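Participant: Below are the C-alpha cells for one structure; questions will follow.
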Amino acid sequence: MSRISRILPNWLGIYAVAFMLFLYAPVVLLPLFAFNSSTIIAFPLTGYTTEWFTVLWETEALHSAVRNSLFVGITTAVLSTLLGACAARAMARYRFPVKRGIVGLVMLPLVLPEIIVGVALLVVLVQLGVPLSLWTVIGGHVLICIPFAIAILNSAFASLDQSLEEASFDLGESRWGTFRRIILPLVMPGVISSLLITFTISLDEFIIAFFLTGTDVTLPVYIWSQLRFPAKLPSIMALGTIMLALSVLLLITAEWFRRRAARRQGLDVQAPGGFVG
Amino acid sequence: MTMDTTTTPRSIIELKDVRKSYGKVTALHGIDATIREGEFFSLLGPSGCGKTTLLRLIAGFDEPTSGSIEIDGKPMAGISANRRPTNMVFQSYAIFPHLSVAENVGYGLVPKRMPKAEIAAEVDKALRMVDLSGYGDRGAHELSGGQRQRVALARALVMRPKVVLLDEPLSALDKKLREQMQVELRALQQSIGITFILVTHDQEEAMIMSDRIAVMFDGHIAQLDSPQALYRHPVSERVASFIGVMNFLPATAKAAGEGELALDIAALGAVTLPVAAVPEGISPAKVTKIGVRPEMLTVLFDDSDHAERVTEGVVVSTSYYGDMTYYSIVLDGAEKPVTISMRNTAGRAVAPVGARLRIGWGAESIVLFS
Ligand SMILES: Nc1ncnc2c1ncn2[C@@H]1O[C@H](COP(=O)(O)OP(=O)(O)O)[C@@H](O)[C@H]1O
Ligand SMILES: [Mg+2]
C-alpha cells in the first residue's frame, strides 16, 4: 500500500507531463510557424514575419469563408441554444413518460461519430431532394450542438428554485413578466455560455460541414481545400493561430459566465430547505 | 336568529368541502372552514397532513379537485394566484437572488404601474414595519436567515393583501430566533390587523401565535378551535396527544341519575360528572377513556396539603427542567405511569425515584373520550 502510493505519484506525474506535451505541442507549433518567415514548415526557424497574416487579409475567398462560418456559427448558436433551453426547461419542470429515454436520444449526437452523422444526414437530404447549402450545414450543426446546449442550460434551469417563479406570480406578475424579470436574468449567464460554446463548436466543425455544404464553404472546409498548396501552408498556420486565440477566448468567457450563473444560484443552495412539514 | 355584526367578525375566507387529489393520492378530504377577518389562523398538523396543499389552494397555485374557496365573498375558481388578494411567505422565503432587498420588497408594485417614488416610499414603510430600515440596498445574499424571513414578509405586506399566507416561515430559524419571531410576528399581525394564515407542525408555535387553530390529520380537519379550547377540550385522543401532553386512563361509564354520568376510572376511582361535561359527538354511555393534563395532577408533598380527590403512586422517573419537574408516577391500580408536572419552589427537593407520593386531582379537570 505505502509502496504503491510512493511510486504512483511519480508515474502519474510523468504520464501527466507526457499527456500535456502530446496535447499542446502541436498547438504551440501553430503560432510558432505562423510568425516564421520560411514557406517550409520545418525547424530551424528562419526569422520573424507578419507576412502570412497580410496574405490572409488579401485573400478574397477566405473572407467569404469567414462570413459563411460566422453566419453558420451565429445561426447555429442561436437555434441550438433556443432549442436547448426549451429541452432543459422541460427536463427541469415537467414529468413525462419515458423521460430518460427521450433525454438519452436527444443527447445521443454527443457520442455518435460525426462522420456517421454527416453521412447519414447527407443520404437523407439527397433522398429528400433538399439542395445542399449553408442551411443544411446549420441543420447538421444544430443537431450536434443541442446536447452541449442542453448540458449547459440544464444546470441553469435545474437550480432555478420553482418557488421563485411562484413568488413572482403571487406578487401579481404575469407569466411573461415572471419570465422577463426572474427566469431570464437568472439563466442568462447559462444562455450566454451556451451561445459561446455552440458558436465555437460550429466554427471549428469540419466533417459535417464538409459533407453538407454546397458551393459556399465554411472556414474549416476552406482551410482543408488550401492544404493541397504547400505555398499556402504558412498562411493557414496564421489563420489557425487566429482561430485558436479566438476559440480560447470564447471558451474562457463561456466558462466565466457559467461560473457566474452557478454562483448566483448558489445562493439558493444556502436558503433554508424544508424537510419538515 | 339575528346577526350581531359587532361581535361576529366578518368572514374573509370560506372553504366549502374542499378536496384535492394528486392522481391516486388524496391530500385533502373535504375541508370546511371559515376564516375570520383580522384573525391569526393556524393550520396545525404533522408532516404530510395536507397543510401546504390547502395553503396553495387558497393562494391559487393549484385548483381544488372539488369544493369551493371564497375570499372576501368572491368565489376563487378560475382566478389565478396573481389576481388573488392573498400573498404568501414561502417556506424557502423565495427571495429573488439577483435583486436587492428594496427591489425584492417593491417587486409586486412594479406590475401595478406605481410611480418609482411611490414604490420607494412604500418599500421604506414596509421595511420599517419588519425592522429592516436601511437594508434596502443590500443584496439578497448578504442577509441572515431571520432577515430573509423579514424581507419575504415585507414583500408580502407591501401588497396590502387581504390575507397573508405563511408556510412554516420559522421552521428554518434556530430556537431563540424562532421564539423571538413568533412574538414579533404576532404583534405585527395585531398592529396591522390583516388576516394571517400560518402553516406549522409546531403545536407550541400555533398555540402562542394563533387566535384559532385548525388541527389537521390525514387531509381532514380534526378540530377547529381557540388554543384554550383545543387544550382544555380536545375532541379526540389524537388531538389531545398532539396538543401538549395528555395522560390517558381507561374508564367505564355507569348508569346514573338524570343529567349525570357516573364513571369508574382506573387508578382514580369513581366520579360523577354532569352530562354537560361530555363533549358533543360522544354519547355518555360510550365513554371508554379519560384524559388528564400533567399540571392538573398535583403532588401533595406535605401531609397538610389537600385536594378535592386524593390517590397514591410511586415515582418511577423524574425530569428536572429548572422551573419545572416532570414526574413519571405509577398510580396504585394502574399499569402505565402518568406524567405530572410540578413547579419547583425554593424549599422543596425533587422527590426521589421509588418515593411514595400522594396525588391530588379534581373531577373538573378530566376530559372524556369515546
Ligand atoms: N404535487 C404533488 N403531487 C403528488 N402528491 C402531492 C403533491 N403535493 C402534495 N402531495 C401529497 O399530499 C399530501 C399532503 O402534502 P402537504 O400538503 O405538502 O403536507 P404538509 O404541508 O402538511 O406536510 C402528502 O401525502 C403529499 O405526498
Ligand atoms: Mg408543508
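Each reported figure results from applying straightforward, stated rules to the coordinates on display, with no laboratory input. All values reported here derive from a predicted model rather than from experimental measurement. Cβ: placed from backbone, ideal geometry, glycine included. Neighbour counts: every protein chain shown.
Participant: For the protein assembly as shown, with only Lys/Arg (+1) and Asp/Glu (-1) charged at the beta-carbon, what is the dipole magnitude about the Cα centre, in debye rounded to 20?
Facilitator: 1540
Participant: Which stretch or stretches of the range A:210-242 have amide N atoms under 13 Å from the point lying 7 Å from residue A:29's Cα along the Cα→Cβ direction?
Facilitator: Under 13 Å, as judged by backbone N against the label point of residue A:29, lie A:237 of the range A:210-242.
Participant: Next question. Which one of A:233, A:45, A:122 has the biggest mean-square fluctuation once chain A is modelled by GNM with Cα springs under 10 Å?
Facilitator: A:45
Participant: Using the alpha-carbon atoms, what tilt in degrees (0 to 90, nearest 10) does helix B:145-157 show relative to the longest principal axis of chain B?
Facilitator: With rounding to tens, the tilt is 70 degrees.
Participant: For residue A:99, list the lysines whose Cα falls under 24 Å from its own Cα; do not include residues on the same chain fewer than 8 positions away.
Facilitator: Reachable lysines: B:24.
Participant: If r is the Cβ-Cβ distance from residue A:22 to residue B:144 and R0 is 51 Å, what FRET efficiency results, to the nearest 0.05?
Facilitator: So the FRET efficiency works out to roughly 0.50.
Participant: For residue B:175, go through the aspartates and glutamates and keep the ones whose alpha-carbon is under 19 Å away, minus same-chain ones fewer than eight residues off.
Facilitator: Of all the aspartates and glutamates, those that pass the test against residue B:175 - Cα under 19 Å, at least 8 places apart if same chain - are B:167, B:184, B:202, B:204, B:205, B:323.
Participant: Against the longest alpha carbon principal axis of chain A, how many degrees, from 0 to 90 and to the nearest 10, is the axis of helix A:134-158 turned?
Facilitator: It is inclined by approximately 40 degrees.
Participant: Let me ask something else about it. Taking beta carbons within 10 Å but only from partner chains, what does the mean come to for residues A:177-183?
Facilitator: For peptide A:177-183, the averaged partner shielding equals 3.
Participant: Using R₀ = 22 Å, calculate the FRET efficiency as 1/(1 + (r/R₀)^6) where r is the Cβ-Cβ separation of residue B:117 and residue A:179; round to 0.05.
Facilitator: 0.20
Participant: For the range A:95-171, which chymotrypsin sites (Phe, Trp or Tyr not before Pro) are in a loop by DSSP, counting at most 14 other Cβ atoms within 10 Å?
Facilitator: Here no chymotrypsin sites (Phe, Trp or Tyr not before Pro) fit, given the DSSP loop and packing criteria.
Participant: For the range A:76-145, run through the trypsin sites (Lys or Arg not before Pro) and keep only the ones in DSSP coil with at most 11 other Cβ atoms within 10 Å of their Cβ.
Facilitator: A:95
Participant: How are the C-alpha pair distances of the protein assembly as shown spread across 20 Å bins, as whole percents from the shortest bin up?
Facilitator: Going out from 0 Å in 20 Å bins, the protein assembly as shown shows 14, 32, 26, 17, 8, 2, 0 percent.
Participant: Bins of 10 Å, beginning at zero and ending with the bin holding the largest distance: percent of Cα pairs per bin for the range B:147-278, please.
Facilitator: 10, 32, 27, 15, 11, 5, 0
Participant: While we're on this one: Give the Rg/Rh ratio for the range B:245-370, taking Rg as the radius of gyration of the Cα atoms and Rh as the Kirkwood radius, to two decimals.
Facilitator: Over the Cα atoms of the range B:245-370, Rg/Rh equals 1.01.
Participant: A further question on this structure: For the range B:237-285, calculate the relative contact order in percent as a whole number, restricting contacts to Cα pairs under 8 Å that are 6 or more residues apart.
Facilitator: 26
Participant: I've got another one for you. Would you work out the charge dipole size for chain B about its Cα centre, treating the Cβ of every Lys and Arg as +1 and the Cβ of every Asp and Glu as -1, and quote it to the nearest 20 debye?
Facilitator: In debye, rounded to 20, chain B gives about 1120.
Participant: How large is the Rg to Rh ratio of the range A:100-158 when both quantities use alpha carbon positions and Rh follows Kirkwood?
Facilitator: So for the range A:100-158, dividing Rg by the Kirkwood Rh gives 1.05.
Participant: Are there any GluC sites (Glu not before Pro) in the range B:286-370 that are in a DSSP loop and have at most 15 other Cβ atoms within 10 Å? List them by number.
Facilitator: Listed in order of number, the matching sites are B:308, B:335.
Participant: Report the calculated FRET efficiency for residue B:310 and residue B:16 (r = Cβ-Cβ distance, R0 = 45 Å), to the nearest 0.05.
Facilitator: So, using R0 = 45 Å, E works out to roughly 0.35.
Participant: Packing-wise, with mean Cβ within 10 Å as the measure, how do B:314-324, B:236-246 rank, highest first?
Facilitator: B:236-246, B:314-324
Participant: Residues with amide H under 5 Å of residue B:199's amide H, sequence separation 5 or more or different chain, H placed in the peptide plane at 1.01 Å from N; which?
Facilitator: Under 5 Å from the amide H of residue B:199 lie the amide H atoms of B:43, B:166, B:167, B:168, each far enough along the sequence or on another chain.
Participant: Holding the Cα-Cα limit at 19 Å, pick out from B:289/B:336; B:112/B:162; B:116/B:162; B:254/B:286; B:286/B:336 the pairs that are longer than that.
Facilitator: B:116/B:162; B:286/B:336
Participant: Further question on the same structure: Please report the projected area of chain A's Cα convex hull averaged over all directions, in nm².
Facilitator: 23.2
Participant: Quick one: among B:269, B:347, B:139, which has the greatest mean-square fluctuation in a GNM of chain B with alpha-carbon springs under 10 angstrom?
Facilitator: B:347
Participant: Hey, another quick one. Assigning unit charges at the beta carbon (Lys, Arg +1; Asp, Glu -1) and nothing else, what dipole magnitude in debye, to the nearest 20, does the range A:48-270 show about its Cα centre?
Facilitator: That gives a dipole near 540 debye.
Participant: Then there is this: Within 10 Å of each Cβ of B:78-91, how many other protein chain Cβ atoms are there on average?
Facilitator: 4
Participant: Please give the contour-minus-distance gain from residue A:67 to residue A:120: 0.36 nm per residue of separation, less the Cα-Cα distance, rounded to one decimal in nm.
Facilitator: Contour length minus the Cα-Cα distance gives 16.4 nm.
Participant: Something else about it: If I model a spin label at residue A:256 and residue A:233 as a point 7 Å from the Cα along the Cα→Cβ vector, what separation in nanometres do I get?
Facilitator: Distance between the two pseudo-spin positions: 3.7 nm.
Participant: Another question about this same structure. If contacts are Cα pairs under 8 angstrom and at least 6 residues apart, what is the relative contact order of chain B in percent?
Facilitator: Reported relative contact order: 15 percent.
Participant: Another one. Take peptide B:95-101, look around each residue's Cβ out to 10 angstrom, count Cβ atoms belonging to other protein chains, and average those counts.
Facilitator: Mean partner shielding for this stretch: 6.
Participant: I'd like the Karplus ³J(HN,Hα) series for the range B:195-208: coefficients 6.51, -1.76, 1.60, θ = phi - 60°, whole numbers in Hz, and an x wherever there's a Gly or Pro.
Facilitator: 5, 10, 10, 10, 9, 8, 10, 9, 5, 5, 4, 4, 5, 5
Participant: Give the residue from B:265, A:179, B:129 lying farthest towards the positive end of the charge dipole for the protein assembly as shown; charges sit on Cβ (+1 for Lys and Arg, -1 for Asp and Glu) and the dipole is referred to the Cα centre.
Facilitator: Positive-end residue among those listed: A:179.
Participant: Taking H as built 1.01 Å from N, whose amide H comes closer than 5 Å to the amide H of residue B:88, not counting residues under 5 places away?
Facilitator: Close amide H contacts, sequence-distant or interchain: B:165.
Participant: Highest GNM mean-square fluctuation, chain B, Cα pairs closer than 10 Å: which of B:18, B:199, B:310?
Facilitator: Its mean-square fluctuation being the largest, the pick is B:310.
Participant: Hey, another quick one. Among B:171, B:106, B:80, whose Cα sits farthest toward the positive end of the charge dipole of the range B:78-188 (+1 at Cβ of Lys/Arg, -1 at Cβ of Asp/Glu, about the Cα centre)?
Facilitator: The residue sitting most towards the positive pole is B:80.
Participant: Let me ask another. Give the whole-number value, in cubic angstrom per residue, of the convex hull volume spanned by the C-alpha atoms of chain B.
Facilitator: Convex hull of Cα atoms, per residue: 196 Å³.
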